Structures are given as C-alpha cells and as structure tokens.
Amino acid sequence: MMQKLLITTLLCVALESGAQVSEFKISEIFPIEAEHSYLGFDVQYMGYAKVRGRFTEFRGAVRFNERDLSKTSVSIRVDVSSIDTGNEWRDNDLRSDQWFDEKNFPFMEFNSQYVRPEGSHLNITGDLTMHGVKRTVTFPMTYTPKVLKDIREDSQIVFSGTLQINRIDFGVEGKRWAGVKEGITAVSDSVNLELTILCKRINAPNFKYWVANVNTPHGKVYKMATSRGINAALKTFDSLRLVADSNVNAETLNTVGLMFLKENKTDEAIALFKKNIVIYPESSMVYESYGEAMATIGRWPDAVMNFRLALDKDSGNMKAKETLRHIKTK
C-alpha cells in the first residue's frame with residue numbers, strides 16, 4: 001500500500017511540474033536539408049508545351065519515428081521569391097499580383113495533420129497555404145521512408161511524392177493568361193507538384209570535424225573546453241570577441257555546445273548555450289539549441305519556452321515550429 005501511495009504521489013508531482021505527456025523524443029526531429037532537396041512543379045502551356053520550375057529556398061523539419069509511421073509529421077515553409085523557371089521575365093511575372101503576389105503573400109506553407117501508411121507508401125495529409133488560401137491536400141509518397149546512415153554516419157530520411165492541384169483553388173489566377181482559344185487555355189489550371197526532401201540529423205562522428213580545426217573560433221573553444229574545462233573555454237571565447245576580425249559570432253558557442261550535446265555532455269552544452277543567450281539574445285538559433293538541450297534532459301516546460309522564443313525571433317524557424325507541435329505539457 002505504501003509503495004502504491006509513493007508511486008501515485010510521484011506521478012502527481014511530475015504532472016504538476018509540467019512533465020511531458022506524449023512519448024515524443026527530440027531525436028525524432030530531422031531538419032530538411034534544402035541543398036539536397038527539390039520542390040518543383042510543371043504546368044501545361046498552350047495545351048501541348050510544358051513549363052517546369054522549382055522553388056530554391058525553403059525550410060522545414062520532419063518528425064519521424066520508424067517504429068510508428070503514424071507519428072510522422074512535416075512542416076515546410078517556401079520562399080515564393082525563389083521561384084525559378086529558367087526565364088527571368090516569367091519569374092518576375094509569377095511573383096507579381098497576377099499570380100503568387102509575393103509582396104502580400106511571401107511564403108507558402110505545408111503543415112501535415114496526419115499520416116497513413118498505405119501498402120508500400122505513405123499518404124501525408126495536411127494544410128497547404130498558398131496565396132493566403134489554406135486547403136487540405138494529401139501527398140502520396142512513392143515509397144515508405146526509413147532512416148538510413150550515410151558515409152558520414154549521419155541519419156537521413158528521404159521523402160518523395162507528387163500531387164496535382166488546381167491553382168485557381170488557391171487564388172493563383174494569372175488572369176492575363178486565362179484566355180481560351182480553340183478550346184485551349186494558355187496556362188492550364190492544373191499544376192503538378194513534385195517533392196523530394198532529404199531530412200538529416202548530423203551525428204557526433206561527422207559533427208566532430210566541425211570543431212576539429214583549432215584555427216577556427218569554435219575549434220579553439222572546443223579544444224579549451226575539452227582540455228581545461230568550460231570556464232577556461234568561456235574565457236577564451238570572451239578573449240576572442242575582443243579581437244578584430246576574429247569571426248566570432250553566435251555560431252561559435254552554438255557549434256561547440258551542439259558537439260557536447262551529441263557527445264551526451266549535457267552540462268557542458270547547457271553552460272555554453274546559456275552564455276550564448278546572454279551575448280546574442282536576438283538570435284533564434286541560441287534559443288533553439290537551448291530548447292533542444294532542455295528537451296534532451298526532459299525539462300519540457302523550459303524546452304517549450306525556449307522553442308517559443310526561437311520562433312518569436314524567427315517565424316521561419318521550422319525546427320522550432322515542428323518540435324512545439326509534439327511537446328505536450330500540462
């Protein structure tokens with residue numbers, strides 16, 4: 001009886017302190033690596049020709065649990081100004097209020113609602129917002145993604161799929177090109193979307209190279225931290241900040257802190273992240289990293305607070321946005 005009472009009491013205390021309700025782990029978040037990803041489209045022109053294009057600037061993150069694919073979720077934000085069809089005049093026209101109206105609607109977003117495994121692939125259903133119009137769509141993936149290790153020992157997931165939408169449903173009308181002649185619309189209302197996104201979590205073996213060069217500020221700070229301790233490393237950092245053209249910035253301590261986090265040295269990482277917040281309070285990155293450290297050790301209320309601050313400093317911080325979707329506290 002006494003043992004049951006103790007367990008009940010501890011459970012109540014945990015819930016009162018804002019303990020996480022779900023089984024979410026911060027290691028399930030994989031940022032999208034845009035330079036190895038593709039967001040493109042094609043549309044019929046004059047009934048027979050096909051114009052292809054892509055968006056070159058986008059940010060996103062994915063939650064992925066290989067043991068339970070239904071927990072998969074995606075957040076992507078696309079910069080409309082990055083549209084590229086290989087023709088400058090056409091790209092400028094597409095950015096205008098005739099089409100995407102970049103000035104008033106600078107971003108497109110997709111935020112998944114749920115994922116359903118279907119045989120050998122996944123169907124990802126969510127809200128696609130374009131030109132200020134939000135509609136629910138389902139992206140069928142061409143295969144079921146899984147976590148792969150690359151030659152650098154990093155963890156990767158690749159999602160690939162296609163979807164056809166009606167651009168008129170999203171207010172992307174292009175009225176100057178809406179005329180019909182001989183039964184053919186100049187630019188088709190139907191647009192085929194194609195995505196291949198690579199999501200990567202950089203692991204310690206590869207990240208180690210980022211701090212290996214002692215000629216860089218983060219390399220010097222990391223070496224001092226590992227040889228003489230965090231206090232000595234912070235003094236080195238402060239000294240470097242006083243040197244002109246030392247290339248010291250928010251990434252210096254952030255890089256070293258992330259290395260320690262990947263080495264499971266959370267106390268060292270937290271000390272560096274705290275210092276970074278004091279020195280660079282306007283940086284979204286410093287709160288994101290501190291939030292990750294808090295999530296790693298299970299301090300969920302602190303994690304929520306810092307991920308919210310990261311999103312407040314940068315509304316396009318999709319890693320923070322995606323993570324906040326899954327941290328549930330009382």
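The values are calculated or read from the model by the stated rules, or taken from the named source; none is laboratory data. Quantities reported herein were computed from a predicted structural model and do not represent experimental measurements. Every residue, glycine among them, receives a Cβ derived from its backbone with ideal geometry; neighbour counts consider all protein chains shown.
In the stretch 233-251, which residue that is acidic (Asp, Glu) and loosely packed, with under 13 Cβ neighbours inside 10 Å is farthest from GLU268 (Cα to Cα)? Among those residues, the one meeting the criterion is ASP245. When LEU193, LEU253, LEU272, LEU234 are screened for being in contact with a Ser or Thr (Cβ under 7 Å, 6 or more places away or on another chain) and not basic (Lys, Arg), only LEU193 passes.
Applying the criterion of being more than 17 Å from the chain's Cα centre (by Cα) and not basic (Lys, Arg) to the residues of the stretch 148-163, the residue that is surrounded by the fewest Cβ atoms within 10 Å (Cβ to Cβ) is ILE151.
Please indicate, with yes or no, whether at least one residue in the stretch 269-287 is surrounded by fewer than 23 Cβ atoms within 10 Å (Cβ to Cβ) and within 20 Å of VAL62 (Cβ to Cβ). Yes, that holds for at least one residue.
Okay, residues lined up against (1) over 24 Å from MET318 (Cα atoms); (2) at pLDDT below 95; (3) surrounded by 16 or more Cβ atoms within 10 Å (Cβ to Cβ):
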site	(1), (2), (3)
LEU69	no, yes, no
VAL78	no, no, yes
ASN87	yes, no, no
ASN92	yes, no, no
ASP101	no, no, yes
PHE107	no, no, yes
PHE110	no, no, yes
GLN113	no, no, no
GLY132	no, no, no
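Can you say whether ARG52 is of a type in the set (Lys, Arg), modelled with pLDDT under 95 and either assigned to a loop (DSSP other than H, G, I, E, B) or surrounded by fewer than 16 Cβ atoms within 10 Å (Cβ to Cβ) (or both), as far as the supplied structure shows? Answer is no for this residue. Looking at GLU118, is it of a type outside the set (Val, Ile, Thr), outside the structural domain of MET318 (by TED's automatic domain parsing), at positive phi and surrounded by fewer than 17 Cβ atoms within 10 Å (Cβ to Cβ)? Criteria not met by GLU118.
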